[in-house]
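Report on the following structure.
The values are calculated or read from the model by the stated rules, or taken from the named source; none is laboratory data. Keep in mind that what you see is a predicted model, and the values were worked out from it rather than measured. As a convention, Cβ positions derive from the backbone with ideal geometry for all residues, glycine included, and neighbour counts pool all protein chains shown.
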Amino acid sequence: MKNMKKVKMIGSAALLAGIVSCMNVPKALAEEGATQIVVDSLGREVEIPDPCTYAIVSNAYNMEIVNAINAIDQVAGVDWYIWQDEEAWGSYFDESYLVGSDSAELDYELVVDKNPDVIVCTGNCTGNYEDVIKAMEPFGIPVVVSNAYYTAEFFDTVELLGEVFGKEEDAAELSGYFQEKLDYINTQLDGAEEKTIYFEYRTEGRTTIEGDYFYNMVEFAHADNLFGDSEGNTVELESVVEANPEYIVKVSQPDVNSSYIPPTAEDMEWIYNDLVSRAGWDEITAVKEDNILLLSHYVHGGASKLVGTMYIAKFMYPDLLPDLNPEEVFAKWLEFQHRDYIAGHTYPAYTLDE
């Protein structure tokens, strides 16, 4: 984990006035003057109010962690992608929270009107983060870059957002739960021969390579990703036949939309049949032995895709991971999200009493 540096400073009214003249000042900074320095996902040292109680959050992966550490009531505004997903948040965010367009870019005028303590955004999913930083500088609104969509950065991100929102204990609980699961997988699979896998995200041939969003989700499951070292993340379907994977994992499909509410059984069946009926795929070992796992878009992404890791690991190594029940992990993730457990996000279907 990154070595987070936390420094508290008490600023006088005169000092605060000198920081920003005739402009908005973040609420906590103006009212109390207590600040801290955090190191964000890009290694930037950012001075922010301590804690931030009035934040703008962009990107659903960031928002899920904020929710999981019990800081959702400290959120003042969200981007369009978070706002429109009423199922995921139980209709928590009404229109008054919306501060972004349908391209996930922030509306700076709406942001400034809210005068937040901080903006939490990603390095690549909120337009250009450098543009956000530049736009907010005249108003004294700090920007923290949090790349929660990368699986390998989950624990650093949880620590970072725990510090930002003053929820260090909640963050430690969240990290501890998933670290224990990963430690178990690593211990049990140490020295085991890795099984070959073809991973596909939504569209035909869209796989994952090193540096891609889904790469570590597959890697952490101790899978031999057959296309992990490819030059691009899209491969020809004939190449999959030639590679002959032992296992296939597919996340959703462009025409199947689901969030907290899972895809229908008919949708899952359609995705499965569409996959196995591809030309030549009946010769693939994974197809012949029915070693095919379908994950909904919602379930694969939990905890920066660590929930997806649990399903993939159990799917490939059920005998070596007797004490891992990925459906229980998903149920616990829903508990962190303050949502009731709901089945049906995988095919074949996993159960809580697996």
Odd one out for Leu294, checked against (1) over 26 Å from Tyr92 (Cβ atoms); (2) of a type in the set (A, V, I, L, M, F, W, C); (3) modelled with pLDDT under 95: (3)
Could you list, in sequence order, the residues of segment 29-54 that are surrounded by fewer than 18 Cβ atoms within 10 Å (Cβ to Cβ), modelled with pLDDT of 95 or more and among the charged types (D, E, K, R)? Arg44, Glu45, Glu47
Of all residues in segment 258-288, how many are surrounded by fewer than 16 Cβ atoms within 10 Å (Cβ to Cβ), in contact with a strand residue (DSSP E or B) (Cβ under 9 Å, 6 or more places away or on another chain) and part of a loop (DSSP other than H, G, I, E, B)? 1
Within segment 112-138, residues touching a Gly at 6+ places or on another chain (Cβ under 7 Å) and modelled with pLDDT under 95 come out as Tyr129
Can Asn186 be described as in contact with a helix residue (DSSP H, G or I) (Cβ under 8 Å, 6 or more places away or on another chain) and either surrounded by fewer than 21 Cβ atoms within 10 Å (Cβ to Cβ) or not β-branched (Val, Ile, Thr) (or both)? no
Picked from segment 267-320 (must be among the hydroxyl-bearing types (Ser, Thr, Tyr) and out of contact with any Leu (no Cβ under 7 Å at 6 or more places or on another chain)), the residue nearest to Arg202 (Cα to Cα) is Ser296
Exactly one of Tyr92, Tyr61, Tyr97, Tyr108 is of a type outside the set (D, E, K, R) and at pLDDT below 95, and that one is Tyr108
